[in-house]
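The structure under discussion appears below in the form of structure tokens.
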């Protein structure tokens, strides 16, 4: 089977940590070396508007709809992984 849809190909090949990192890097315009220890409002792009863009990117990457409490609680790169693991069965 030949896959010609790039998004489908990315979903097949990308690990969960790669999807998660891509959501942060694309929505907040960061490099991978900036992710560890990253907290809400630590960079200008992660303001309230950037936060909603990040949430949308994470929801798209994992095909989920996050609860409001989880959206509010996602206050750091590490906390996001914890929320996804605990509440959405995403393994990293």
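For the reader, a short list of remarks on this structure follows.
- Single match in 14, 1 (criterion: over 14 Å from residue 90 (Cα atoms), modelled with pLDDT under 95 and loosely packed, with under 15 Cβ neighbours inside 10 Å): 1
- Qualifying position, being surrounded by fewer than 16 Cβ atoms within 10 Å (Cβ to Cβ), within 9 Å of the chain's Cα centre (by Cα) and either part of a helix (DSSP H, G or I) or modelled with pLDDT of 95 or more (or both), among 56, 42, 61: 56
- Pairs with Cβ under 7 Å, 6+ apart, first in segment 80-92 and on the phi < 0 side of the Ramachandran plot and touching a residue at least 40 places away in the same chain (Cβ under 8 Å), second assigned to a helix (DSSP H, G or I) and surrounded by fewer than 16 Cβ atoms within 10 Å (Cβ to Cβ): 90/16; 91/16; 91/85; 92/16; 92/17; 92/85
- Tabulated pairs, segment 13-30, first without any contact (Cβ under 8 Å) to a residue 24 or more places away in the chain, second assigned to a loop (DSSP other than H, G, I, E, B) and surrounded by 19 or more Cβ atoms within 10 Å (Cβ to Cβ), C-beta under 9 angstrom, 6+ apart or interchain: 30/46
The values are calculated or read from the model by the stated rules, or taken from the named source; none is laboratory data. Just so you know, these numbers come straight off a predicted model, no measurement behind them. All Cβ positions, glycine included, derive from the backbone under ideal geometry; neighbour counts span all protein chains shown.
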